[in-house]
Structures are given as structure tokens and as C-alpha cells.
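Working notes for the structure below.
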Amino acid sequence: MSDGHLFGTFVRRFLVEHVVLDRNLSRHTQKSYRDSIRLLLTFVRDRYGIEPMDLTAEQVTADVVRAFVAHLKEERGNSDATQGLRLVAIHSLFRFISSLVPELVELASHINRIPCRRAETPSVPYLEKEEIDLLLAAPDRETAIGRRDHALLLFLYNSGARADEAARVTVGDLSFAPTASVRILGKGRKTRHCPLWEHTAEVLRDLLGTRTDGPKTATVFLNVRRERMTRFGIHTLVERNAARAAKEIPSLRQKRVSPHSIRHTTAVHLLRAGVDINTIRAWMGHAQLETTNRYAEVDLEMKAKALASCAIKGGDAENGPPRSPRGDPKLMEFLTAL
């Protein structure tokens with residue numbers, strides 16, 4: 001066993017103490033970081049014959065990480081985007097390590113200078129105003145399911161919420177007075193508040209009916225079994241109504257309409273209405289301004305209109321986890337259990 005700082009000790013503290021407690025990252029990000037580190041440990045074991053329980057931080061050099069990235073591309077067939085996500089996790093881990101052990105700062109700096117592969121940025125899929133209007137009109141509002149579909153589609157367009165965010169919205173998250181708004185729990189468990197158009201508030205009140213006086217923890221959008229909708233159920237709902245709307249407007253047949261493309265539509269239409277980029281960033285819950293700036297590249301014909309121009313009218317552990325002892329054989333089990 002090589003002398004040095006046991007890598008598993010840092011991995012445990014990073015995933016439990018830093019990722020969960022300090023940064024409060026989403027469960028999805030936690031799993032992504034965990035899987036990236038597990039792949040790295042498996043690669044080092046298979047390529048260099050070093051068991052995870054014996055690996056030291058000093059043995060994970062920049063050359064080892066470069067070989068790991070090459071392995072992801074050439075042997076696992078991962079895309080540039082996936083390679084980048086794995087490398088981001090390793091960068092974050094080594095920044096954490098360097099904050100704990102000054103003598104490992106140089107090692108970490110060499111690793112963090114390894115650039116992430118730039119994946120080609122896909123064009124932002126969004127709907128034109130006529131297309132979103134027809135999508136919102138697609139549900140049969142003579143039926144209870146149609147009214148639910150219309151309310152959910154309208155909510156997605158108004159709020160720019162992700163599918164999983166909309167699925168989690170409760171009665172208590174809605175406020176109808178003095179100004180209608182919704183509280184949304186987004187990525188990284190960050191909360192944002194979004195104003196609701198008057199028509200959206202009216203539709204949601206009608207959808208809830210007497211449920212507005214019930215438990216505040218009750219979910220707003222329910223499936224046919226009166227249970228909370230899943231994000232997959234919301235995807236299916238959007239696709240079903242998009243197929244119906246495509247019969248009226250052929251351009252929709254060429255687009256893959258999803259909850260996320262409705263989210264993009266919200267941002268593009270806000271931009272066209274003259275809403276400033278920082279307001280859109282807060283509205284959409286973007287962590288980085290660069291993400292919001294993508295919308296500015298979609299359409300250069302911004303016009304200074306009021307926000308109402310894109311609204312739908314009513315009519316139509318204290319000290320962290322314990323350090324792992326040297327030679328702890330349960331590191332991989334720990335990663336699997338997270």
C-alpha cells in the first residue's frame with residue numbers, strides 16, 4: 001500500500017458532508033457525482049490494479065484522470081457531454097480535497113486544469129405564439145381530464161416550471177391574493193416565486209374547487225387515480241395534447257413538444273416581451289446567467305412590449321461523517337448505498 005492520504009476518506013466526506021450538507025445539491029446531482037467517482041475507482045482498479053480501499057489521493061494524478069476520460073470516450077462510448085459531467089464531478093472532488101489538505105493543492109490544480117470537452121450546444125426548442133396558443137386550446141375542457149390538462153399546460157407556460165417542479169406544486173404553494181403567485185421548489189432545492197397571470201389563477205382556482213380549503217400539502221395536479229402526477233405522466237400529457245394540436249397547425253409536427261420545450265417557450269416569449277435577462281433568470285430558476293443568455297441568441301428581434309403581451313386572455317452531523325480507517329474495504333458498498 002502506498003503512503004499517502006487515503007482517497008476513500010475524502011470520497012466519503014465529499015459525498016456526505018460537502019455535497020449533501022454544505023452545498024445541498026439535488027438528489028440527481030448527488031447520484032451523478034457518486035456514479036462518476038465509482039466509475040473512476042473501477043477504472044483505476046482495472047487499469048492499474050489498485051483496489052479502491054488502498055487507493056491514495058496522490059495516486060490519482062492528472063495523467064490517471066486523462067486516461068479515465070479517454071476510457072469513457074473510447075471504451076464506454078460516452079458522449080462529450082457525459083465525459084464533461086464525469087470530469088466536473090472529479091474537479092469538484094479535488095477542489096474539496098485541496099481545501100482540506102494544503103499539500104494536495106498542486107495535485108488538485110493539475111487535475112482541475114484538464115478541460116471539459118465542449119459538446120455542441122443544441123438549438124433551443126421553443127414554440128411560436130400561435131403554436132403555444134393551439135396547444136393550450138387542445139384539451140377538451142368539457143371533461144374533467146381536459147380541464148386538468150389545460151390547467152397544467154397553462155401553468156407550465158406561465159411559470160416556466162420543469163415537469164418535476166410542476167408535479168411537486170401543492171395547494172399551499174399557491175397564493176391568490178393580493179397578487180397571484182406560486183412558490184416553486186427547483187434544482188438544488190432552491191425556492192423561487194413566480195407571478196401568475198390573472199387567467200392562470202382563475203383556471204387553477206376552478207381546478208382546485210373545494211380543495212383550496214383542504215390540506216395545504218395536497219398536490220395540485222392529480223392523475224386519474226387522484227394521486228400526484230409524475231414527471232413522466234406530465235410528459236405524456238404534453239405529448240398527447242401536442243399531437244392533437246398538430247392536426248390544426250402542421251409546424252408542430254416537425255417539433256418535439258415536451259414540458260422542457262414549453263419552458264424554453266416561456267423564456268423566449270418573456271425575452272421578446274422586453275423582460276430583462278436577469279428577471280428571466282430568476283423567473284426560470286437558472287443557477288448561471290450563461291444558461292439564460294442562450295435565449296438571447298434564439299431571437300434577435302426583441303421588442304419592448306408589456307409582459308401581458310404573452311399572457312393568455314381569459315376568454316378563449318456537526319463535525320461531518322467519521323473518517324474512514326485506512327484499508328476500509330466497504331468504500332464501493334458505501335457508494336452503492338448512497
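Tabulated results
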| item | result |
| --- | --- |
| Residue, farthest from His28 (Cα to Cα), within region 173-199, restricted to residues that are of a type in the set (Lys, Arg) and in contact with a strand residue (DSSP E or B) (Cβ under 7 Å, 6 or more places away or on another chain) | Arg183 |
| Of the criteria (1) crowded, with 18+ Cβ neighbours inside 10 Å; (2) part of a helix (DSSP H, G or I), which one Ala81 fails | (1) |
| Index of the failed condition, Thr170 passing every other in (1) out of contact with any strand residue (DSSP E or B) (no Cβ under 8 Å at 6 or more places or on another chain); (2) at pLDDT 95 or above | (1) |
| Residue match in region 218-227 (condition: buried (at least 20 other Cβ atoms within 10 Å of the Cβ) and either under 19 Å from the mean Cα position of the chain (by Cα) or closer than 18 Å to Asp133 by Cβ (or both)) | no |
| Filtered residues of region 228-254 (kept if small (Gly, Ala, Ser) and either part of a helix (DSSP H, G or I) or touching a His at 6+ places or on another chain (Cβ under 7 Å) (or both)) | Gly233, Ala242, Ala243, Ala245, Ser251 |
| Hits in region 50-65 - residues which are within 25 Å of His28 (Cα to Cα) and in a helix (DSSP H, G or I) | Val65 |
| Residue under evaluation Val257, criteria (1) β-branched (Val, Ile, Thr); (2) within 17 Å of Val169 (Cα to Cα); (3) outside any helix (DSSP H, G or I); (4) out of contact with any strand residue (DSSP E or B) (no Cβ under 7 Å at 6 or more places or on another chain), criterion not met | (2) |
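The values are calculated or read from the model by the stated rules, or taken from the named source; none is laboratory data. The shown structure was predicted, so the numbers you read here are calculated from the model rather than taken from an experiment. When we count neighbours, we look across all protein chains shown, and the Cβ atoms used for this are built from the backbone with ideal geometry, even at glycine.
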